[in-house]
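The values are calculated or read from the model by the stated rules, or taken from the named source; none is laboratory data. The structure displayed is predicted, hence computed values, not measured ones. Cβ placement follows ideal geometry from the backbone for every residue including glycine, while neighbour counts extend to all protein chains displayed. We work out accessible area using only protein heavy atoms, side chains counted, and drop any ligands, DNA or RNA first. Shrake-Rupley method; radii C 1.70, N 1.55, O 1.52, S 1.80 Å.
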Amino acid sequence: MDKIRIIGGAPLKGVIPISGAKNAALPLMAACLLTDETLHLANVPYLADIVTMAKLLAQHGVALNTSGDGNRFGRMLSLNAAQVTNFTAPYELVRTMRASVLVLGPLLARFGQARVSLPGGCAIGTRPIDMHLKALQEMGAEIDLQEGYIDARISGRLKGAVIQFDKVSVGATENILMSASLAKGETVIRNAAREPEVCDLAHCLVAMGAKIDGIGSDEIAIQGVESLHGCPYTIIADRVETGSFAAAAAITGGDVELLGARAEHLQAVIATFAEAGIEISETPRGLRVRRANGRVQGVDIMTQPYPAFPPDMQAQMMALLSVAEGASMVTETIFENRFMHVPELTRMGARIVLHGASAMIRGVPQLRGAEVMATDLRASVSLAIAALAAEGETVIHRVYHLDRGYERLEEKLSQCGAQIERLPSGKPTLKSEAA
Ligand code: UD1
């Protein structure tokens, strides 16, 4: 398994292009199943999760074509679901990526049947999909759970319904948005997720011919139509990648411009950074991040659904706060078990104590390099952020987690002066060479 070696201390300076948003690209790719015409997606990032979704769609019978950047998906991905022959999303693919469950709604809505493996537990808690299933049942679907699979069927079309979600769920809102677009009659989603990625999906569905009101609010009304058509659509910039590089620039005392980044998707993050003494300002091309003189200041954060502070930025913020002046409290309200970066940051000298869903961080002046283990996507990038400011060498193991969500991380960081390299399996570290 590849590792990443970082030697900390260099302030990041320069320009980093922000890729298309992974969490927008995944549902947008699934949306191709709603039409027999071609969906042309631009700004698709080249990431392991995108490859998994491409494999999943291909085995359903979707024809995929990439253009613009060799074999990379980076520029344009065209998807055509005219010849869907297989309605099963198998365990091998679903277990590697929960977002595979996003094919459930579209397959059911267009073909009246879908068989999708249950995702099972994952590293950041149990993450059930009961809300997706209950809402589809309310729209008339028959759902059985057998041998680890969801078997969903409907004779004729799904029927519009009023769906009242108990919690805010990004994935459930997306699955129902797609299903309702082809349902008979009106569907109203109450307590809908408002994340920019949900809005991106809704905007693309409208471009495909769907009738949707209330995009960006917590109540969305969808008038079902009989069929949707293909269209070109450009995916928004990744707000989590933006926030991650902002934390990296801030922790190193750097000055970085993040090309294509959009402030309106990061208001809560920008406000938190400002409180911590980090300046994020808009430029004609994106956002500029820099730390004024002095140490980062401790702040308290609580993760909540959009537009509040996102759970996908919690680990990166904690890395930054581990070198802040004073204490900080980070509270996670959305996911259980999402503090797996804490023991690893502690190995680097951070002083963090966990109390249930909260972490108390007492800032230290300097972190130290160490061998650490990546455990999930955002936890891994938080270790890279900490390593950029740590004294000496950090080696991050299991970087396949990073490859799920960060495109060309080493290249983007090294262009700004970071000392970072990938060690393909087997290549020795400085420490093992010295031993
Ligand atoms: C998406 C994002 C993920 C982000 C999360 C919250 C993608 C591919 N992933 O995940 O990066 O961290 O939103 O912003 O877009 N829940 C239920 N029952 C359900 C569905 C969800 O109880 O049927 C719970 C979850 O366990 C969690 C909360 O609702 O506690 C929010 O989860 P949800 O918004 O659905 O997350 P995902 O869509 O899986």
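Observations, loosely collected:
- Residue list for the stretch 156-167, restricted to those being open to solvent by 20 Å² or more (accessible area, probe 1.4 Å), touching a Lys or Arg at 6+ places or on another chain (Cβ under 8 Å) and within 16 Å of the ligand (Cβ to nearest atom): Q164
- Close pairs from the stretch 297-311: first on the phi < 0 side of the Ramachandran plot and in a strand (DSSP E or B), partner of a type in the set (G, A, S) and buried (at least 20 other Cβ atoms within 10 Å of the Cβ), Cβ under 8 Å, at least 6 apart: Q297/A276; Q297/A324; I301/S328
- Taking helices (runs of 4 or more DSSP H) as the structural unit, those lying wholly within the stretch 1-102 and holding at least 3 residues that are open to solvent by 20 Å² or more (accessible area, probe 1.4 Å) correspond to 48-60, 91-94.
- Among the residues listed as L64, L28, L33, L39, the single one being within 16 Å of the ligand (Cβ to nearest atom) and of a type in the set (A, V, I, L, M): L28
- Subset of the stretch 273-307 [under 22 Å from H355 (Cα atoms) and either at pLDDT below 95 or more than 16 Å from the ligand (Cβ to nearest atom) (or both)]: Q297, G298, V299, D300
- Scanning the stretch 286-296 for residues that are part of a loop (DSSP other than H, G, I, E, B) and in contact (Cβ under 8 Å) with a residue 60 or more places away in the chain yields R295, V296.
- Every test in (1) more than 11 Å from the ligand (Cβ to nearest atom); (2) open to solvent by less than 20 Å² (accessible area, probe 1.4 Å) is passed by H203 save one, and that test is (2).
- Just so you know, in the stretch 332-351 the residues that are open to solvent by 20 Å² or more (accessible area, probe 1.4 Å) and farther than 21 Å from G243 by Cα include one that is farthest from the ligand (Cβ to nearest atom), and it is R351.
- Criterion: touching a Gly at 6+ places or on another chain (Cβ under 8 Å) and open to solvent by less than 30 Å² (accessible area, probe 1.4 Å) - qualifying residue of A221, A210, A250, A193: A221
- Sole exception among (1) touching a residue at least 60 places away in the same chain (Cβ under 8 Å); (2) open to solvent by 10 Å² or more (accessible area, probe 1.4 Å); (3) more than 10 Å from the ligand (Cβ to nearest atom) for A315, by number: (2)
- Flag for F245 being within 14 Å of the ligand (Cβ to nearest atom) and either loosely packed, with under 15 Cβ neighbours inside 10 Å or within 20 Å of the chain's Cα centre (by Cα) (or both): no
- Residue ranges of strands (runs of 3 or more DSSP E) in the stretch 165-274 with at least 3 members under 26 Å from R295 (Cα atoms): 255-259
- Taken together, the residues in the stretch 258-285 that are farther than 14 Å from V299 by Cα, touching a strand residue (DSSP E or B) at 6+ places or on another chain (Cβ under 7 Å) and open to solvent by less than 30 Å² (accessible area, probe 1.4 Å) amount to 3.
- Filtered by the rule that a residue be away from the ligand (no atom under 12 Å from the Cβ), open to solvent by 60 Å² or more (accessible area, probe 1.4 Å) and either touching a Lys or Arg at 6+ places or on another chain (Cβ under 8 Å) or charged (D, E, K, R) (or both), the stretch 131-155 gives E138, E142, D144, E147, R153.
- The lone criterion from (1) surrounded by fewer than 24 Cβ atoms within 10 Å (Cβ to Cβ); (2) hydroxyl-bearing (S, T, Y); (3) within 11 Å of the ligand (Cβ to nearest atom) left unmet by T173 is number (1).
- If the condition is being without any contact (Cβ under 8 Å) to a residue 60 or more places away in the chain and within 12 Å of the ligand (Cβ to nearest atom), then the stretch 179-197 contributes N191, A192.
- Answer from T283, T346 - the residue that is within 23 Å of P196 (Cβ to Cβ) and more than 20 Å from the chain's Cα centre (by Cα): T283
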